[in-house]
Amino acid sequence: MADDFQFDPELNYDEATLEQQRQIEKDIADAQPLISDRIGLDQVIKEYTAGEDQVFVRKIEEMKSTYKCVRKTRADGNCFFRAYGYACFENFLTDKADYKRFHEVCDKTKDDLITLGFPQFTIEDFHTNFMEAVTKLETIDQEELISMFNDQGLSDYLVVYL
């Protein structure tokens, strides 16, 4: 294959590489949501069994004693924070005492961050969007929460502020 390569001095290889990377990212985004619907653990086991990864299969089997299902997150570099944020927000839909404490703490964080030297303009923008999403937790349901976290722009704002 390497022998077939012909250098083209007219081609911008950096731009071609970046375009290929953008296309790969788009294909992944089109194929996998940022936060998936609930997936049964048996389905997850099938994915790892196909790859004959018995270590993961064994661990998933152990998880079945505690959990019925999972949600997948797109591996985009923010997946841990997105999963953590989603899990917290999902909990707040039903645990109103935790929600109230979280809302009160988050409401004060803007001033704390500005005092610590973060740029006010930037912090205000992220804080406003974050608090709007937090406040929506009083009135939205599970489906709307999934939609909120699968909106790339909003979801990224939430992850950044976390």
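We did not get these values from a lab; they are worked out from the coordinates using the rules stated. Keep in mind that what you see is a predicted model, and the values were worked out from it rather than measured. Note: ideal-geometry Cβ built from the backbone for every residue, glycine included; neighbour counts use all protein chains shown.
Using the count of nearby Cβ atoms within 10 Å as a rough guide to exposure, how do E15, E47, E10 rank from fewest to most?
With the sparsest Cβ surroundings first, the list reads E10, E15, E47.
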query = Does region 75-162 come out rounded, prolate or oblate by the C-alpha gyration tensor, with a ≥ b ≥ c the root eigenvalues, rounded set by a/c under 1.5 and, if not, prolate when a/b is larger than b/c and oblate if not?
reply = oblate
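How high is the FRET efficiency from D76 to D107, r the C-beta distance, R0 25 Å, rounded to 0.05?
Efficiency, from the Cβ-Cβ distance: 0.30.
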ask   = Which aspartates and glutamates have a Cα less than 14 Å from the Cα of K68, not counting those fewer than 8 places away in the same chain?
value = D37, D42
remark   = Nearest-0.05 FRET efficiency for L154 and Q54 at R0 = 45 Å, using Cβ-Cβ distance, is 0.70
message = Can you sort L116, L162, L137 from fewest to most other Cβ atoms within 10 Å of each residue's own Cβ?
response = L116, L162, L137
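For a test of the definition: using alpha carbon positions, the gyration tensor, and the 1.5 limit on a/c, classify the chain as rounded, prolate or oblate. If you can, show how the numbers build up before the last one.
Details: a/c = 2.71, a/b = 1.25, b/c = 2.16.
Oblate, since a/c reaches 1.5 and b/c is not below a/b.
Within 14 Å, Cβ to Cβ, of E61, how many net charges do the neighbouring residues add up to if Lys/Arg are +1 and Asp/Glu are -1?
Spelling it out: positives minus negatives among the neighbours equals +1.
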ask   = Most mobile of M131, M148, M63 per a Gaussian network model of the chain (Cα springs, under 10 Å)?
value = M63
remark   = In degrees rounded to 10, the 0-90 angle between helix 152-161 Cα long axis and the longest Cα principal axis of the chain is 60 degrees
task = Calculate how steeply helix 79-92 sits against the longest principal axis of the alpha-carbon atoms of the chain, using the helix alpha-carbon long axis, and give the answer as 0 to 90 degrees to the nearest 10.
result = 30 degrees
request  = Could you state the angle between the C-alpha long axis of helix 96-115 and the longest principal axis of the C-alpha atoms of the chain, as a value from 0 to 90 degrees rounded to the nearest 10?
outcome  = 80 degrees
note = Once the in-chain neighbours fewer than 8 apart are removed, the lysines whose Cα is under 25 Å from K72 read K26, K46, K59, K64, K136
